[in-house]
There are 2 protein chains.
Amino acid sequence: MTQLKNDRFLKALLREPVDATPVWMMRQAGRYLPEYRETRAQAGDFLSLCKNKELACEVTIQPLERYDLDAAILFSDILTIPDAMGLGLYFETGEGPRFKKVIRTEQDVASLKVVNTASDLSYVTDAVTEIHGALSGRVPLIGFSGSPWTLATYMVEGGSSKDFRHIKAMMYREPETLHALLNVLADSVIDYLNAQIDAGAQAVQIFDTWGGNLSDQAYLDFSLAYMQKIVAGLKTEARGLRVPSIVFTKGGGLWLDQIADCGANALGLDWTMNIGRARSMVGDRVALQGNMDPSVLYAKPDQIKAEVARILRDFGAGNGHVFNLGHGIHQFVDPAAPKVFVDAVHELSAQYHV
Amino acid sequence: MTQLKNDRFLKALLREPVDATPVWMMRQAGRYLPEYRETRAQAGDFLSLCKNKELACEVTIQPLERYDLDAAILFSDILTIPDAMGLGLYFETGEGPRFKKVIRTEQDVASLKVVNTASDLSYVTDAVTEIHGALSGRVPLIGFSGSPWTLATYMVEGGSSKDFRHIKAMMYREPETLHALLNVLADSVIDYLNAQIDAGAQAVQIFDTWGGNLSDQAYLDFSLAYMQKIVAGLKTEARGLRVPSIVFTKGGGLWLDQIADCGANALGLDWTMNIGRARSMVGDRVALQGNMDPSVLYAKPDQIKAEVARILRDFGAGNGHVFNLGHGIHQFVDPAAPKVFVDAVHELSAQYHV
C-alpha cells in the first residue's frame, strides 16, 4: 500500500484537523491548459482521450505539475454510463454531448442494456488504476459520476437542454417511468463508483449538475433520493483508508438542510450561497466543498486573493472545509490565475488551523 | 377614467382581500398560441411586432380571449433600453437577441447614448396607451422592464450567455465600470417604467432573469441595489389607483429576505422554492407571485390541477398571492393546458378567501 504524502483533502472531508485548507478545482484538467489541448489533439477527440488510459492519466496529472493542488480527479466524461447502456454518446463541435438514441417511454427504459461495469466500463477503471499508480501517493485521487437525475436529463433530452422539456414532461406525466429510469441509473452508479474505489479512487464525488432546475419536492424525490441510495451503497473503506463521498448539486442552495442528511461526508456548494451561512445550516453533519465563483479567476491577483480571504473568513475557524470553485474552471482563464488562487488558499488559511 | 372591472390582481399585490387568487402567466402572449404565430408572421419579425402598436396590442389581448386571466402584460422586448442606447438590437434565428455593439470598457459606458424615453421609446408607450384603451378596464395592464443587471449582461456579452464571462470579468476586475453602467441603466429604467405608468400601465414588473447567477454579496451589490433604486423612483399612483411593483429574480430564492425589503409590493418566485416556505420568510412585507414549474403544463389535466392545489395549499389562507408560472410559458405547451391551469386557480382558491 502506497503511503499518502498529502492527506489534507481526505482529512478535511472527514472534518479532521489539517494544517491548511486543501484545494482542488472542478475541471482542473481542462481546456484552459495549453498542455491539455496538446494531449487532446494527440488523442484525436474528447472521447478517445477518455478511453486512452495513458493519455487520461497524463491530463489528470498536468494541473498538479503547475499548481499545488491537494487532490487529483479522474479525467473522464460524465456520460459514460448512458453510453454503456447503448445510447451512443458523441460530441458535436460546439454543441456539447449528444446521444444517438433517446429515452422517452416506459419501453425505452425497459430495453436499456444492463451495464456490466467490469467489461463495459473497464476503460474507466483502467484509467483509475493507471492514475493511482502514477500519483504514487502524491495526493488522493477522486473518482466521480453524474447523479441519476443529471444522467437522465441527457438521456431523455438527447443532449444538453435549456428547458428540460422532455424529461420534465415525463416527470409530470409519467413519474413512474422516470423513477424506473432513475433506479436503474442509481444501481449502475453504485457499481461504477465502487469499481472506481476498488481500482484506486480514494474519494468520490456525485455531480448533480441539473438538480437545481427542479421544483422543491421534485428535487427531493427525483434527484436527492437517488443520490442518497447511491451513497448508502458505496464502499466506505479501501486500502486501509476511509473513502469519503461528496454530493454536489449546482443550484442546490435551497436544499442544503436535506442534502446534509443524505449520508455523504461532504456537500459541494456552488458560488451563489455564502459559505458561512451554509455552514450554519449544515452544522456538524457534513464538510463543505467550495465555493468561489469560477469567474473570479478572470480578476487581478490581488482581487483573487481578496476573494479567497473573504471565503476563508466567512467559513471561519475549524475543520471541514475543502476549497474549490463553485463550478468547473472556465476555458478562457489565464493559466497564471489558478496558481494565485491555489497558493492564496494555502497561505491565507493557515491562520484558521492553529 | 375607465373603471377597472377586475381588480383582483392589483388587490392581491397590495395584500388586500380578494374572492379568488388572481392568475396570469409570464410570456402569456407567445409562440405557444397559433394566433400569436399568425400575427407575428404578419408583422415580419419579432422587433417589428414590438414596434407596431396595433399588432402589439392584438397579441397582448389574444391570451385573454382564450383564458380567464386576471392581468394583461405589455407585449414588448426586454432589451428596448439598450437598443435605444445605440447598441443595435437584432435577432438571429434560433440564437436569441444579439447586439451589434458591445460594452466592455469605461469608455464604452461613457459613450452610451442617453435615452430620451419620450422620443426614443415612444413606440413602447404608444403600445401601452393602445392596449390600455383596448382593454377598457377588463383587467389591469402590467408594464415591465429588465433589471439593470440583466440588461447589462446582454450589453456586455453581446447577447445571451452561459457563463457571463465578459460581465463577470468586468465585475471582478473593474467593479466601478460596471457600477457606472448599472447606474445609467437604473436611471433609464425609472424613466421608462414611469412613462409606461403615465401611458396606462397599472402595475410594473422588473425582470431580473440573470441575477441568480451572481454570488451572494455580488447579487446584493450589482443587482438588488439597482432594483431598489428603481423602485424608490417609481410613481406609486396613477389615474386614482395605486400602481404596485413586482421584483422577480429568477433563481433568487437565497435572497428572499433581502428582496422583501427592496421596497417593491411583491416578489416574483421561480418554481424552485416552496411558496409556503417563501411566505414564512417574507412574512407581511410583500405579496408573492408564483410559482408553478412551467413544465407542469405538459402534464395531464388532473396532474395540472393537483399541482395548482398543492401550491395553493402551501401558500395557505390569507392575502397576498398572485398565481403565476415560475418563469415564462414554454413554446411547446398545448394551448388547452393553460385553460385547465387558469380555471383551476380560480376554482380551487376560493376556499382560501372566505
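Readers should treat all values here as calculations from the given coordinates under stated rules, not as data from a laboratory. What you see is a predicted model; the values in this text were computed from it and never measured. Cβ sites come from the backbone with ideal geometry, for glycine too, and all protein chains shown count toward neighbours.
From the helices alone, meaning DSSP H stretches of at least four residues, give me the mean residue ellipticity at 222 nm for chain A, per-run term -39500 (n - 2.57), in deg cm²/dmol to the nearest 500. Don't skip to the end; give the middle numbers.
On the way: 15 runs with 153 residues, N = 354.
Rounded to the nearest 500, the figure is -13000 deg cm²/dmol.
Put one equal scatterer on each alpha carbon of the stretch A:1-79, apply the Debye formula with no solvent term, and list log10 I(q)/I(0) at q = 0.12, 0.14 1/Å to two decimals.
Per q value, in the given order, log10 I(q)/I(0) is -0.40, -0.53.
Apply the Karplus curve 6.51 cos²θ - 1.76 cosθ + 1.60, θ = phi - 60°, to the phi angles in the stretch B:237-254 and return the couplings in whole Hz, x for Gly and Pro.
8, 7, 6, x, 10, 5, 10, x, 10, 10, 10, 10, 9, 5, x, x, x, 6
Which of the listed residues, B:330, B:220, B:169, is farthest toward the dipole's positive end in chain B, when Lys, Arg count +1 and Asp, Glu count -1 at the beta-carbon?
B:330
Can you tell me what share of the DSSP beta bridges in chain A is antiparallel? A percent to the nearest 5 is fine.
Details: 7 of 31 bridges.
So the antiparallel bridges amount to about 25 percent of the total.
If you take the beta carbon distance between residue B:332 and residue B:119 as r and set R0 to 41 Å, what does 1/(1 + (r/R0)^6) give as a FRET efficiency, to the nearest 0.05? Let's see the in-between values first.
Details: r = 39 Å, r/R0 = 0.95.
My answer for the efficiency is 0.60.
Hey, what's the per residue convex hull volume over the C-alpha atoms of the stretch B:214-266, in cubic angstrom?
Dividing the Cα hull volume of the stretch B:214-266 by its residue count gives 67 Å³.
In the protein assembly as shown, what percentage of the DSSP-assigned beta bridges are antiparallel, given to the nearest 5? Could you put the intermediate results ahead of the total?
On the way: 14 of 62 bridges.
Antiparallel bridges make up about 25 percent of those DSSP assigns within the protein assembly as shown.
Expressed as a fraction of 2.2 N^0.38 Å, the rule-of-thumb size for a compact globular protein of N residues, what is the C-alpha radius of gyration of the stretch B:26-183? Present the calculation step by step, with values, prior to reporting the outcome.
Numbers: Rg = 17.1 Å, N = 158, 2.2 N^0.38 = 15.1 Å.
My calculation over the Cα atoms of the stretch B:26-183 gives 1.13.
Pick out which of A:242, A:279, A:173 has the largest mean-square fluctuation in a Gaussian network model of chain A, springs linking Cα atoms closer than 10 Å.
A:173
Counting only other chains, and only Cβ atoms inside 10 Å, what mean value do you get across the residues of A:9-22? Don't jump to the answer; show the numbers that get you there.
On the way: counts 0, 0, 0, 0, 0, 0, 0, 0, 0, 0, 0, 0, 0, 0.
Across the residues of A:9-22, the mean count of other-chain Cβ atoms within 10 Å is 0.
Provide an ascending nm list, one decimal, of label-point separations from residue B:191 to the equivalent residue in each further copy; define each label point as 7 Å from Cα along Cα→Cβ.
Here residue B:191 shows inter-copy label distances of 6.6 nm.
Report, as a whole number in µm² per second, the diffusion coefficient that Stokes-Einstein gives for the stretch B:54-123 at 20 °C and 1.002 mPa s using the Kirkwood radius over alpha carbon pairs.
Details: Rh = 14.6 Å.
Estimated via Stokes-Einstein, D reaches 147 µm²/s.
Starting from the Cα of residue A:257, step 7 Å along the direction of its Cβ; do the same at residue A:217; then give the gap between the two resulting points in nm.
Going by the 7 Å Cα→Cβ label model, 1.7 nm.
Between residue A:107 and residue A:14, what is 0.36 nm times their sequence separation minus the Cα-Cα distance? Round to one decimal in nm.
Working: separation 93, 0.36 × 93 = 33.48 nm, distance 4.26 nm.
Result for the pair: 29.2 nm of gain on full extension.
Put a point 7 Å out from Cα along the line to Cβ at residue A:163; what are the distances to that point in the other copies, in nm, shortest first?
Label-point distances to the other copies, shortest first: 2.7 nm.
Restricting the calculation to Cα positions, tell me the Rg (one decimal) and the Dmax (whole number) of the stretch A:46-86 in Å.
12.1, 39
Quote the convex hull volume per residue of the stretch B:78-169, based on C-alpha atoms, as a whole number of Å³. Kindly include the intermediate steps, with their values, before the conclusion.
Numbers: hull volume 10.9 nm³, N = 92.
Hull volume normalised by residue count: 118 Å³.
Using the Karplus curve 6.51 cos²θ - 1.76 cosθ + 1.60 with θ = phi - 60°, work out ³J(HN,Hα) for each residue of the stretch A:311-322 in order, rounded to whole Hz, and write x for Gly and Pro.
5, 4, 5, 5, 5, x, 6, x, 8, x, 10, 10
I'd like the distance between the alpha-carbon centres of the stretch A:69-140 and the stretch B:296-354, rounded to an integer number of Å.
Value for the Cα centre distance between the two parts: 40 Å.
If you average 1/r across every pair of different Cα atoms in the stretch A:281-354 and take the reciprocal, what Kirkwood value do you get, in Å? Please report the intermediate quantities before stating the final value.
Values: mean 1/r = 0.0782 Å⁻¹.
Over the stretch A:281-354, the inverse of the mean reciprocal pair distance is 12.8 Å.
Would you mind giving the mean number of other chain beta-carbons within 10 Å of the Cβ of each residue in A:166-178, as a whole number?
4
Inside 10 Å of the C-beta atoms of B:289-300, what's the mean count of C-beta atoms belonging to other chains? Working shown, then result.
Values: counts 0, 0, 2, 1, 9, 3, 15, 7, 3, 8, 7, 3.
For peptide B:289-300, the averaged partner shielding equals 5.
Hey, for residue A:102 with labels 7 Å out along Cα-Cβ, what do the inter-copy distances come to in nm, ordered shortest first?
Label-point distances to the other copies, shortest first: 3.0 nm.
Once chain B is represented by equal point scatterers at the alpha-carbon sites, with solvent omitted, what log10 I(q)/I(0) does the Debye formula produce at q = 0.11, 0.12 Å⁻¹?
So the normalised log intensities are -0.70, -0.84.
Please state the Cα pair-distance histogram of the stretch B:118-250 with 5 angstrom bins from zero: what percent is in each bin?
Computed distribution, short to long bins: 2, 11, 20, 21, 17, 13, 9, 5, 2, 0, 0.
For the pairs A:339/B:168; A:51/B:162; A:250/B:11; B:5/B:235; A:5/A:51; B:5/B:339, note any where the Cα-Cα span goes beyond 25 Å.
Numbers: A:339/B:168 20 Å; A:51/B:162 28 Å; A:250/B:11 37 Å; B:5/B:235 23 Å; A:5/A:51 28 Å; B:5/B:339 21 Å.
Long pairs (Cα-Cα over 25 Å): A:51/B:162; A:250/B:11; A:5/A:51.
What FRET efficiency do you get for residue A:237 and residue A:6 if R0 is 22 Å and r is their Cβ-Cβ distance, rounded to the nearest 0.05? All intermediate terms of the calculation are to be shown ahead of the outcome.
Values: r = 20 Å, r/R0 = 0.89.
In this case the efficiency is close to 0.65.
Give the distance, in whole Å, between the Cα centre of the stretch B:15-67 and the Cα centre of the stretch A:219-281.
If we compute the Cα centre of each part, the gap is 43 Å.
Would you kindly calculate the mean projected area, averaged across all directions, of the convex hull enclosing the Cα atoms of the stretch B:190-240, in square nanometres? Intermediate results must be reported in sequence, preceding the final value.
Numbers: hull surface 15.0 nm².
Its Cα hull, projected and averaged over all orientations, spans 3.7 nm².
Treating the protein assembly as shown as a set of equal point scatterers at the Cα positions, no solvent, please give the Debye-formula log₁₀ I(q)/I(0) at q = 0.05, 0.06, 0.08 Å⁻¹.
One equal scatterer on each Cα of the protein assembly as shown leads to -0.25, -0.36, -0.64.
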